[in-house]
Amino acid sequence: LATKILIANRGEIVRRIAKTCSKLDVIPYCIYSEADKNSLFIKYCKDAVNIGGFAPADSYLRMDKIINAAKQLDCDLVHPGYGFLAENLEFSELCNKEGLVFVGPSSEALKISGDKVRAKQVASRVAPVLEGKEVSNQDEALRAACDIGYPVILKAAKGGGGRGLRVTKSEEELSRVFNSSKNESMIGFGSDRLFVERYSEDPRHIEVQILGDNSAVIHLGERECSIQRRHQKLIEETPSPALTIEMRKSITETAIAIMKEIKYDNAGTVEFLFKDGRFYFMEVNSRIQVEHTITEEVTGVDIVEQQLHVATGNGLNIKQEDVKSKGHAIECRINAEHPLSFVPFPGTVDTFLPPEAIGVRVDTALSSGCTISPFYDSLIAKLICCGESRIDTIESMKQSLYSFRISGIPSTIPFHISALNDSRFLEGNYNTSFIDDLKRYSSKDGEIASAILCQLPKKIKFMKNNLYEDPWIKSNLSFSNISNFSHDLFSNSRWNA
Amino acid sequence: MKVKVNGHNYNIEMIGQKVRVNGRQISVVFNENEIMIKGKKFHLDYIDDAEPALMIVNGMTYIVSKSSEPTESTKQLKTPLSGRIVDVLVKVGDNVKKGQTVIVLESMKMESYLHSPTTAKISELMAQIGQSVKSGQVLVTFV
């Protein structure tokens, strides 16, 4: 009898998981909200249940509805994807209680790994950590911050994906943001537990991909994730240009030691801050991650497949010595956002034409005519390029970005083009402050752009945009940093000719 | 006519079908969203109706404006994006400073801050906590 799995998520990750399921003779099913009833991801599953609702709290976070859907569809397994309930202990326990297999770590492991405070306590036995303390109210937060010393970062104990995070440099600032962080944490993760931690300025973010079962923990190398805005990753690459062979050995061994302490038994990631040649444990991500793709490209390991092997009790079917990394891979997260301000921009996509070439992978559940709803996150496609060397991979990524056609909504493609042309990126010498100093505009194409603007045909469709009503965005259009952007239209036209 | 692109001004002369930019003739041929310039093909991915407008050509960003002196409306605060209001930090009669956060909006699982476009007194407030709003909706008017 074939195994049936419910993918309790939405968007590209449903398609991604369904793809591996089909390979393994596991039949994929999914759920969808009222807002997603015309979304394309549903079509990659054998059948689906409308669980209603629009906002996550009324749809993809509704455990009762999801469990009912799994039963209705006669599923044996539940894959939570990333975000939503992926690291929710209550949900994983509920699945077990209802006789469903939760594709993720065991409840015992999740109790530790899914809680930033506990994970740090356990990790501190085998890894360096930054000073920090759990706080239940503003006064406690102020006291803890005073002990640690500013700047400090406020984090949600149950958090992830950058939500709830606040960096503060003073008492006033901490007092001001405490409640909004608490609210965001409650909305996003159903828990308002926060903790205060010493903030390391401009570090790199490097994480190690781990696979574990009840007898072994192995690693699939690291990912460099320093290019972020609002603590959300935009570009990831592997291997990290910052690590020497010795450092790589040290960071991966430390990650394995932490996961062994937790008795972690599925795919997971150990995140580290890396600064001045030293790394500090930050957190464990107890799920498949958005950026798992680049690790798959260089190692050839299907991470979702290993998740399913572990969840069904068969254990990993690879050993550490089977893992051989080859070449380089980069992922650009294409979001439906204003390319300069990163303000989310829901709307309808006119044309959606991803690039096609050898070494280019696009993970998406979007096509021309699709609507991007304001209820969920703004990721619309993951563009992944791999090549023999880092330089080849950067070149392939640039060409892929130039030829990726998305119209009807603005996307972060212009941001990625600027980033990939930045000398700091080319040299591999960047950290989490990369975006602050990024040159976003070209000063070379002014005449061409003027000519286009003055000769626009009357039937051109203008999009509605009220973004510039916001003075914050206006102030970001200061054009103070346009001078050295070396790139221009004519240099990127060869793929379009 | 003058246009502004990414902060620089350009002089435009239009003589019949011909267009000169800073004295240089540049002919642009459109076919739907495809653009031919000097035998090369480009794509107009995006252009909006804002002032200044965001124009994306082949994935490159241009902030363009046909009038070199953009006018700004400072009598109203419109929400730039759809979402749900999670906090209103001001009340009618309050004096606010330009750039001051007045409303917190939740959209795409993130909190966005709406700032006052002007230093003025609030005359009307059309925003309540929990209310769903559409992009372009006026939330605050100023005296």
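Taking every residue in the stretch A:58-76 that is over 16 Å from A:LYS97 (Cα atoms) and pairing it with any residue that is in a helix (DSSP H, G or I) and among the β-branched types (Val, Ile, Thr), at least 6 positions away or on another chain, the pairs with Cβ-Cβ distances below 8 Å are A:TYR60/A:ILE66.
For B:LYS98, the requirement of being at the interface with chain A (Cβ under 7 Å from one of its Cβ atoms) and at pLDDT 80 or above is met. Just to be sure before I move on: is B:GLU72 farther than 17 Å from A:TYR441 by Cβ, of a type in the set (Asp, Glu) and modelled with pLDDT under 90 in the structure I sent? When the stated conditions are applied, B:GLU72 passes them. Taking every residue in the stretch A:411-424 that is without any contact (Cβ under 8 Å) to a residue 40 or more places away in the chain and farther than 17 Å from A:SER378 by Cβ and pairing it with any residue that is hydroxyl-bearing (Ser, Thr, Tyr) and assigned to a loop (DSSP other than H, G, I, E, B), at least 6 positions away or on another chain, the pairs with Cβ-Cβ distances below 7 Å are A:ARG424/A:TYR430. With respect to the conditions (1) among the polar types (S, T, N, Q); (2) in contact with a Cys (Cβ under 9 Å, 6 or more places away or on another chain); (3) more than 26 Å from A:LYS233 (Cα to Cα), A:GLN72 lacks only one, and its number is (2). When A:ALA255, A:ALA216, A:ALA267 are screened for being of a type in the set (Gly, Ala, Ser), surrounded by fewer than 23 Cβ atoms within 10 Å (Cβ to Cβ) and in contact (Cβ under 8 Å) with a residue 40 or more places away in the chain, only A:ALA216 passes.
For B:LEU89, the conditions (1) surrounded by 19 or more Cβ atoms within 10 Å (Cβ to Cβ); (2) of a type outside the set (Asp, Glu); (3) more than 9 Å from every other protein chain (Cβ to nearest Cβ); (4) closer than 30 Å to A:PHE84 by Cα are fulfilled apart from (1). In the stretch A:206-252, of all residues being of a type outside the set (A, V, I, L, M), within 17 Å of A:LEU316 (Cα to Cα) and part of a strand (DSSP E or B), the one that is farthest from the chain's Cα centre (by Cα) corresponds to A:GLY212. Exactly one residue out of A:PRO203, A:PRO241 is within 25 Å of A:HIS328 (Cβ to Cβ) and in contact with a Gly (Cβ under 8 Å, 6 or more places away or on another chain): that is A:PRO241.
The rows are residues; the columns are (1) modelled with pLDDT of 95 or more; (2) not in a helix (DSSP H, G or I).
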position: A:GLY369; (1), (2): no, yes
position: A:MET397; (1), (2): yes, no
position: A:PHE425; (1), (2): yes, no
position: A:LYS444; (1), (2): no, yes
position: A:ILE448; (1), (2): no, no
position: A:PRO457; (1), (2): no, yes
position: A:TRP472; (1), (2): no, no
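Listed conditions (1) within 23 Å of A:LYS464 (Cβ to Cβ); (2) modelled with pLDDT of 95 or more; (3) of a type outside the set (S, T, N, Q) are all met by A:ASP363, apart from (1). With respect to the conditions (1) closer than 23 Å to A:PHE462 by Cβ; (2) in contact (Cβ under 8 Å) with a residue 24 or more places away in the chain, B:LYS91 falls short on a single one, namely (1). Selection of the stretch B:120-141 for residues being touching a residue at least 24 places away in the same chain (Cβ under 8 Å) and assigned to a loop (DSSP other than H, G, I, E, B) yields B:ALA127, B:GLN128, B:ILE129, B:GLY130, B:GLN131, B:LYS134, B:SER135, B:GLY136, B:GLN137. Exactly one residue out of A:THR244, A:THR269 is more than 30 Å from A:LEU142 (Cβ to Cβ) and touching a strand residue (DSSP E or B) at 6+ places or on another chain (Cβ under 8 Å), and it is A:THR269.
Here is the figure for the stretch B:96-119: residues that are small (Gly, Ala, Ser) and without any contact (Cβ under 8 Å) to a residue 24 or more places away in the chain total 1.
Taking (1) modelled with pLDDT of 95 or more; (2) in a loop (DSSP other than H, G, I, E, B); (3) aliphatic (A, V, I, L, M) in turn, A:LEU383 satisfies each apart from (2). For the stretch B:37-47, the condition holds for no residue, the condition being that it is facing chain A (nearest Cβ under 7 Å) and under 12 Å from A:SER450 (Cα atoms).
Close Cβ contacts (under 6 Å, 6 or more residues apart or on different chains) running from residues in the stretch A:116-133 that are part of a loop (DSSP other than H, G, I, E, B) to residues that are of a type in the set (Phe, Trp, Tyr) comprise A:ALA127/A:PHE281; A:PRO128/A:TYR280; A:LEU130/A:TYR280. Filtering the stretch A:156-175 to residues that are aliphatic (A, V, I, L, M), part of a loop (DSSP other than H, G, I, E, B) and within 15 Å of B:GLU111 (Cβ to Cβ) leaves only A:LEU165.
Taking the stretch A:302-332 as the range and being surrounded by fewer than 21 Cβ atoms within 10 Å (Cβ to Cβ) and under 25 Å from A:SER403 (Cβ atoms) as the test, only A:GLY327 passes. Of the residues A:ALA35, A:ALA57, A:ALA69, the single one that is small (Gly, Ala, Ser), at pLDDT 95 or above and either out of contact with any Asp or Glu (no Cβ under 9 Å at 6 or more places or on another chain) or not in a helix (DSSP H, G or I) (or both) is A:ALA69. Considering only residues that are assigned to a helix (DSSP H, G or I) and of a type in the set (S, T, N, Q), which ones fall in the stretch A:399-423? If the condition is that a residue be assigned to a helix (DSSP H, G or I) and of a type in the set (S, T, N, Q), then A:GLN399, A:SER400, A:SER403, A:SER418, A:SER423 are the ones that fit. The residue list B:VAL86, B:VAL90, B:VAL57, B:VAL133 contains one member that is touching a Gly at 6+ places or on another chain (Cβ under 7 Å) and of a type in the set (Val, Ile, Thr), which is B:VAL133. Of the candidates B:LEU54, B:LEU105, B:LEU114, the single residue that is of a type in the set (A, V, I, L, M) and more than 7 Å from chain A (Cβ to nearest Cβ) is B:LEU105.
Tell me which residues, restricted to the stretch A:327-358, are assigned to a strand (DSSP E or B) and more than 21 Å from the chain's Cα centre (by Cα). Of everything in the stretch A:327-358, those that are assigned to a strand (DSSP E or B) and more than 21 Å from the chain's Cα centre (by Cα) turn out to be A:GLY347, A:THR348, A:PHE352, A:LEU353.
The values are calculated or read from the model by the stated rules, or taken from the named source; none is laboratory data. What you are looking at is a predicted structure, and each value in this text was computed from that prediction instead of being measured. FYI the Cβ positions are ideal-geometry reconstructions off the backbone, even for glycines, and counts take in every protein chain you see.
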